[in-house]
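Colleague: Pasting a structure below so you can have a look.
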Ligand code: DX5
Ligand code: ZN
């Protein structure tokens, strides 16, 4: 599970992060929005910078921004462990991959619901993670778009065991089994974790459900 900070209480961020960290989370998903690539603005470098010393979690930054080449460096320096860029924002994705890698962090490539899986074939071997959006990015709390499952199934066989397949948007108790069965190994959840009375418990329950599904279906653990 990768809890998404977007649904956390911004007035007590460190506290909310600690709750999921204490509950066994390993990854924190950080939704960065620029108001251009997506019709919303969330948070940026200063927030990540301040959170960094407060948490040992792997920081998975989801850059919903039009210019990753310009901003990758400050996001890496702020303490991100992985930078996810959107395939839709560039005609030269390999350049973006190489630039992010040169900053000493991991690289993820992300696809919007309307983008065909084949758009990432030119860089798939060069990334550490593929992120499939199961909602249109910009807002939390939206409904899972089922066509994301076909995309996960199309991408999974092309990944090596050391590469991860992440899914983001509308993930909760009713969608975790389908997403895992389709091949996702990393599940982003905002509302279904932080918008609950006990975020730590909510995350653990989703994680248990994901593991049970992986065992039952023999999909990637
Ligand atoms: C959407 C973000 C997601 C969002 C998911 O733009 O990329 O990470 O936080 O929120 P939920 O889990 O509520 O769909
Ligand atoms: Zn996200």
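A short reminder: the numbers here are calculations on the coordinates, not readings from a lab. These numbers were taken from a predicted model, which means no experiment stands behind them. Every residue, glycine as well, gets a Cβ built from its backbone with ideal geometry; the counts of neighbours run over all protein chains shown.
Colleague: Please work out how much length the chain gains when fully extended from residue 10 to residue 136, using 0.36 nm per residue of separation minus the C-alpha to C-alpha distance, in nm with one decimal.
Modeller: Length gained, residue 10 through residue 136: 43.1 nm.
Colleague: So what's Rg/Rh here for the stretch 97-149, counting alpha carbon atoms and using the Kirkwood radius for Rh?
Modeller: 1.03
Colleague: Given the convex hull over the Cα atoms of the stretch 68-207, what projected area results after averaging over all orientations, in nm²?
Modeller: Seen from a random direction, the Cα hull of the stretch 68-207 projects 8.5 nm² on average.
Colleague: Between residue 47 and residue 215, take the C-beta separation as r, use R0 = 35 Å, and let me know the FRET efficiency to the nearest 0.05.
Modeller: It comes to 0.40.
Colleague: Could you list log10 I(q)/I(0) for the stretch 17-88 at q = 0.13, 0.16, 0.21, 0.28 Å⁻¹, which the Debye formula gives when each Cα is one point scatterer?
Modeller: -0.36, -0.54, -0.87, -1.31
Colleague: Who wins for biggest fluctuation among 149, 129, 51 in a Gaussian network model of the chain, springs between alpha carbons below 10 Å?
Modeller: Residue with maximal mean-square fluctuation among 149, 129, 51: 51.
Colleague: State the dimensionless ratio Rg/Rh of the stretch 144-221 (Rg: radius of gyration of Cα atoms; Rh: Kirkwood radius).
Modeller: Dividing the radius of gyration by the Kirkwood radius yields 0.97.
Colleague: Here's another thing I want to ask about it. In nm, what is the difference between 0.36 nm times the number of residues separating residue 119 and residue 34 and their Cα-Cα distance?
Modeller: 28.3 nm
Colleague: Just from its helices, what would the mean residue ellipticity at 222 nm be for the chain, if runs of 4 or more DSSP H residues each count -39500 (n - 2.57) and the sum is divided by every residue, rounded to the nearest 500 deg cm²/dmol?
Modeller: Roughly -9500 deg cm²/dmol at 222 nm, from the helical runs in the chain.
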